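Every number in this text was worked out from the coordinates using simple rules, so none of it is lab data. Because the structure is a prediction, the values reported are computed rather than measured. Here the Cβ is made from the backbone with ideal geometry for all residues, glycine too, and neighbour counts use every protein chain on show.
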Amino acid sequence: MNTEARNQEVCELYLSHTNTKEIAKRLSISRSLVYKILQKHNLTRTPSEAARKYSCNENFFINLDKTSAYWLGFILADGCITDTHQLKITLSAKDVNHLKKFQELITEAPIKHSAKEINGKTHQLCTLLVCNKKICERLINLKVHPRKTGIHSTPKIEAALLPSLYLGYFDGDGCLSKQKTSRGHKYCSDTIGSPIFCKDLHRYLISKGINVKLTARTKSLYSVRGATESSLRMLKLFYQNSPIRLERKFQIFK
């Protein structure tokens, strides 16, 4: 089937109320490609699909393991809970494959693509919206509150799961950078969060013999910063204890 015929079939299936997951399965293409084709042809969601309720893995965050602890940390950093019990994660489009990993674990809801202009530059985004009261209530119990920026604390979980939790948080709201010094270059890691969360992370890393610096950026925003050796030791601890990671940052670590 050539590209034009495929695109036509995507549109026809969609207009006949076939959902995007089924379209992708029938034509052996990705759902993200289905969305791109629909957007190109200016097709909006039909009323029946807009009203459809997608199944969710409601128990994903009930009995935490390393995988769910990782995503808990990631959501704590880069997700949000709305007052109407919706879990929303928006990432740069370059990290869409990472978002798909979470989507496959928790919901059949589609990932939506959009663009946003910031300071005159257009940024391509991808968003996953999970509408489920049980999941959101569980996350709220785990310290992922609405309007959590600057006030969130560390979820109370088993000590063995903390490296996965902290890696998830770092992948969501941490960075690795290369800085020039008088003796050459050094690499730094920086994890940004609320005062109480960063103090907990700082205390945890010090207990592991990893020398990092706790800094107050503002009254409600702290950072935990490590130089080359400290950053390597921190990330090695996190990576070897977690089954999932953001590949883009892992490649920088390597």
| Nitroxide proxy distance, nm - points 7 Å out along Cα→Cβ at Arg248 and Arg203 | 3.3
| said: How large is the convex hull of the C-alpha atoms of the range 26-165 per residue, in Å³? | reply: 147
| note | If one builds a Gaussian network model of the chain from Cα atoms under 10 Å apart, the most fluctuating residue listed among Leu128, Leu205, Leu13 is Leu13
| For the range 71-115, what is the convex hull (Cα atoms) projected area averaged across all directions, in square nanometres? | 3.6
| Pair Asn119, His145: separation of 7 Å Cα→Cβ label points (nm) | 3.1
| Distant alpha-carbon pairs in the range 155-212 (separation over 15 angstrom), percent | 58
| message | Could you identify which residue out of Lys178, Lys88, Lys134 has the top mean-square fluctuation in a GNM of the chain using Cα springs shorter than 10 Å? | response | Lys178
| If the limit is 28 Å between Cα atoms, which of Lys178/Lys236; Lys66/Lys186; Lys88/Lys213 go over it? | Lys66/Lys186; Lys88/Lys213
| said: What whole-number volume per residue, in cubic angstrom, does the convex hull of the C-alpha atoms of the chain give? | reply: 166
| message | Connecting C-alpha atoms closer than 10 Å in a GNM of the chain, tell me which of Ser164, Ser230, Ser30 has the biggest fluctuation. | response | Ser30
| note | Only helices counted: for the chain, with every DSSP H run of 4 or more residues adding -39500 (n - 2.57) and the sum spread over all residues, [θ] at 222 nm is -13000 deg cm²/dmol
| request: Please give the length that would be gained between Thr3 and Ser55 if that part of the chain were fully extended, namely 0.36 nm times their separation in residues minus their C-alpha to C-alpha distance (nm, one decimal). | output: 15.6 nm
| query | From the Cα gyration tensor of the range 84-227, with a ≥ b ≥ c the square roots of its eigenvalues, which class applies: rounded if a/c is under 1.5, or else prolate if a/b is larger than b/c, or else oblate? | reply | oblate
